[in-house]
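These notes concern the structure reproduced below.
The values are calculated or read from the model by the stated rules, or taken from the named source; none is laboratory data. Given the structure is predicted, the values throughout are model-derived calculations rather than measurements. Every residue, glycine among them, receives a Cβ derived from its backbone with ideal geometry; neighbour counts consider all protein chains shown. Accessible surface is based on the protein model in full, side chains and every heavy atom, while ligands, DNA and RNA are left aside. Shrake-Rupley method; radii C 1.70, N 1.55, O 1.52, S 1.80 Å.
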Amino acid sequence: MAGMVEVKNLTKYYGNFLAIEDVSFEVKRGEIVGFLGPNGAGKTTTMRIITGFLPPTYGTAAVAGYDLVDKSRQARSHIGYLPETVPLYLDMTVEGYLAFMGAIRGMKPNRIKTRIGEVIDACRLGDYRRTHIGKLSKGFRQRVGIAQAVLHEPDVLVLDEPTIGIDPIQVVETRQLIKDLSGSHTVILSTHILPEVSMLCNRVLIINEGLIVAEDTPKELGNKLQGVERLEVEIQGPRTEALEALQKIRGVIEVTCSTNGDSDRNVYKIQARRGLDLRPTVSRTVISNGWSLLNLQLVSMSLEEIFLKLTTDEEINV
Amino acid sequence: MRNTATIAWKEIKGYFTSPVAYVVALMFVALTGYFFVRSVDSILTGANFPEASLRGLMRQISIFILPWLAPVLTMRLLAEEQKIGTIELLLTSPVRDWEVVLGKFIASMTFFLAALAMTLWYVLMLEWRGNPEMGPLLSGYLGIILYGGAAMSVGLLASSLTSNQIVAAVTSLGLLVLLTFLEVGADQVTGVASTIVGQLGMTTHFDDFVRGVVDTSNVVYYLSLMAVFLFLTVRSLETRRWR
Ligand SMILES: Nc1ncnc2c1ncn2[C@@H]1O[C@H](COP(=O)(O)OP(=O)(O)O)[C@@H](O)[C@H]1O
Ligand SMILES: [Mg+2]
């Protein structure tokens, strides 16, 4: 079997509103993939399609080889899902709720019993087995939500913003819990919090306004995010000296020139510390050296703009 | 089938832990008790029962109790799932939509049957003081169970259409009052229209049962009503899924 989750050209319209467009990706067995994007990017929509709650307008999604539309029930039986809102029956006890969820997932009574014991231990809910869910704090409800998602040991675990709306200590605990539980599962996790993906995921898909705009390892993304401004400048003048002069400007991290030295009209790419606008200094340097400034512009990276909309700071989120 | 049973059992337990259900059961007992005493009020004078049957009681349950009992018992069943979002977990588990609907229907019927079982006490009293005919008693119970099933399925459809329990209850109350009084409405029009309107009414098909006649067409009427409304409920869940 290729991937545990295969998503091809998913497009979803709500009425005339285009929520996601041509989303394609694949998740291999055992991978933990982060779905990172600002609010309204289309994360929940994508997850609802993968879990069979919503049908796509175009495109296909398959889990464990079963199409979510044609073989919906088989596909769904391989999924554990924690929706963004953590829906729970507040008038049931933790144990009663888990037993119900196990039963509708088709588990055998004996296995339900053993697994309830195991997930209650894993999610540290031992003291609350017979507590009504309505009496639990948000953080504990989150644990109950996670417990039901992993109860039947699904092949694929889908977690929609699992740390949203709970206090910072519980966020840390919840992440640890996901990390512990993710071991054997294939996990798709959505978040709008940047540090969360680096903590939990092997791979990150970045979604913005319904489109997947990048796919990478968290480490590479981190490098791309290192706060830099990019400038492109075209100069008529000697190449080596120009490179040297540009490098000396305060705040410049790196200068590269892609054209070779034959011509004296060259384009230089400058990386500078974030927050500095080097355009005045660069133009003055060029002029004072007696060279001609042919072009000078800031290069805006679309990925960085998206990052600006993400929550990079934990404090903002809570 | 196991899924249906699981869902039914969850809702049945839900009824017995909900104060609303106890209030409803209490009102059912009080009202049926009152109707029963009225229909045999010579019990107060100690004379033999003039009419040893539950005819009056069954009619009154159908007209005065089920139109509010069914909405109250069903309003929560699907509306609440949609309000708190648990419908998302229910519909993403490997359960078929009709299993969900049937499970909820069975739960509401179980509660209704449990309430109805309390009227068996009146049968005992009839046996004790009079000499009731068994046939009309049995057919009367069959009739009211079918009538109740139809009423519950109407309520379930209303509950699937909204996430607000009150809206669900008012909708099914409206529908049931309409279906109950179609027979009266039929008298206002003439000819074929009168027949059609009359035949659609829920009360039209009920009298035979309390008189001891089990007519297939009447049984088919109530079963069709149930099938149609349960089917519409399943479709309504599906369109929610497909929206
Ligand atoms: N049921 C719906 N009807 C109409 N628009 C919706 C619906 N659900 C989501 N949307 C819109 O689709 C876009 C994507 O939403 P969503 O998938 O929830 O994003 P995210 O989970 O990334 O915040 C948003 O602009 C949202 O307003
Ligand atoms: Mg979301």
On the accessible surface of the stretch A:65-221, probed at 1.4 Å, how many percent belong to carbon and sulfur atoms?
-> 51
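R0 = 51 Å: FRET efficiency of B:D215 with A:L18, Cβ-based, nearest 0.05?
So, using R0 = 51 Å, E works out to roughly 0.35.
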What is the mean number of Cβ atoms from other protein chains located within 10 Å of the Cβ atom of each residue in peptide B:91-100, rounded to a whole number?
-> 6
Loss of accessible area when A meets B, both sides summed, Å² nearest 100, probe 1.4 Å | 2500
State in Å² the accessible area per residue of the stretch A:5-222; use a 1.4 Å probe, count heavy atoms of protein chains only, and round to the nearest integer.
-> 40
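Taking a 1.4 Å probe, which of A:D67, B:D97 shows the most accessible area, and what order do the others take after it?
Output order, biggest surface exposure first: A:D67, B:D97.
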Peptide-level mean, for A:82-91, of C-beta atoms on other protein chains within 10 Å | 4
Write down, largest first, the equivalent ellipsoid semi-axes of the stretch A:94-208 in whole Å, where each equals the square root of 5 times an eigenvalue of the alpha-carbon gyration tensor.
-> 25, 17, 11
Report, in deg cm²/dmol and to the nearest 500, the calculated mean residue ellipticity at 222 nm for chain A, where each DSSP H run with n ≥ 4 adds -39500 (n - 2.57) and the sum is divided by the residue count.
-> -10000 deg cm²/dmol
The longest stretch of chain B containing none of the GluC sites (Glu not before Pro) that sit in a DSSP loop with at most 13 other Cβ atoms within 10 Å is B:134-243
Excluding ligands, DNA and RNA, the carbon-plus-sulfur percentage of the accessible area of the stretch B:1-135 with a 1.4 Å probe reads 68
A:I253 long-range amide H proximity, modeled H, under 5 Å = A:Q271, A:A272, A:R273
Phi-derived 3J(HN,Hα) across the stretch A:185-198 with the Karplus relation (6.51, -1.76, 1.60, θ = phi - 60°), rounded Hz, x for Gly and Pro, is 8, 8, 10, 10, 10, 9, 6, 10, 10, 4, x, 4, 5, 5
In Hz, Karplus ³J(HN,Hα) per residue of the stretch B:85-96 (6.51, -1.76, 1.60; θ = phi - 60°; x = Gly, Pro) | x, 5, 4, 5, 6, 5, 7, 9, 8, x, 10, 7
Selection from A:P195, A:N9, A:V94 lying farthest towards where the dipole of the stretch A:5-222 points positive, charges on Cβ | A:V94
Heads up, I need the accessible area for A:D70: 1.4 angstrom probe, whole protein in place, Å², nearest 10.
-> 130
Where a Cα-Cα gap under 24 Å defines reach, which lysines qualify for B:K13, not counting those fewer than 8 residues away within the same chain?
-> A:K108, A:K113, A:K135, B:K83, B:K104
C-alpha long axis of helix B:97-117 to longest principal axis of chain B, angle in ° | 30
Based on Cβ point charges of +1 for Lys and Arg and -1 for Asp and Glu, what charge dipole magnitude is obtained for chain A about its Cα centre, in debye rounded to the nearest 20?
-> 900
With the contact rule set at Cα under 8 Å and sequence spacing of 6 or more, what percent relative contact order holds for chain A?
-> 19
Overall Cα dimensions of the protein assembly as shown - principal axes, largest extent first, Å | 125, 60, 41
For the stretch A:5-222, with equal point scatterers placed on the C-alpha atoms only and solvent neglected, what are the log10 I(q)/I(0) values from the Debye formula at q = 0.09, 0.10, 0.18 1/Å, to two decimals?
-> -0.34, -0.42, -1.33
Under a point spin-label approximation (7 Å from Cα along Cα-to-Cβ), what is the A:D180-B:V170 distance to one decimal in nm?
-> 4.9
Charge dipole of chain B about the Cα centre (unit charges at C-beta), most positive-ward option of B:S160, B:I196, B:I87 = B:I87
Report the relative contact order of the stretch A:5-84, percent, no decimals, based on alpha-carbon pairs under 8 angstrom and at least 6 residues apart.
-> 30
1/(1 + (r/R0)^6) with r = Cβ-Cβ of B:L31 and B:E133, R0 = 25 Å, i.e. FRET efficiency to nearest 0.05, evaluates to 0.55
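Which FRET efficiency, nearest 0.05, do B:I84 and A:N202 yield, Cβ-Cβ r, R0 35 Å?
0.55
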Quick one: putting +1 on the C-beta of Lys and Arg, -1 on the C-beta of Asp and Glu, what dipole do you get for the protein assembly as shown around its Cα centre, in Debye to the nearest 20?
-> 800
Using the Karplus equation 6.51 cos²θ - 1.76 cosθ + 1.60 (θ = phi - 60°), what ³J(HN,Hα) coupling, rounded to whole Hz, does each residue of the stretch B:203-209 give in order, writing x for Gly and Pro?
-> 6, 3, 8, 9, 4, 3, 4
Assigned charges on the beta-carbon of Lys, Arg, Asp, Glu; the stretch B:2-240 dipole about Cα centre (debye) | 480
Expressed in nm to one decimal, what extension gain is obtained for the pair B:L223 and B:S194 from 0.36 nm per residue of sequence separation less their Cα-Cα distance?
-> 8.2 nm
With 0.36 nm assigned to each residue of separation and the Cα-Cα distance removed, A:L276 to A:E234 gains 13.2 nm
Using mean Cβ contacts within 10 Å as the protection proxy, how do A:44-51, A:163-170 order, highest first?
-> A:44-51, A:163-170
Percent relative contact order of the stretch A:224-300, based on C-alpha pairs within less than 8 angstrom and at least six residues apart?
-> 46
How big is the gap, in Å, between the Cα center of the stretch B:98-170 and the Cα center of the stretch B:57-72?
-> 9
Under a 5 Å amide H to amide H cut-off, with H placed in plane at 1.01 Å, what residues pair with A:E84 once short-range neighbours are removed?
-> A:D160
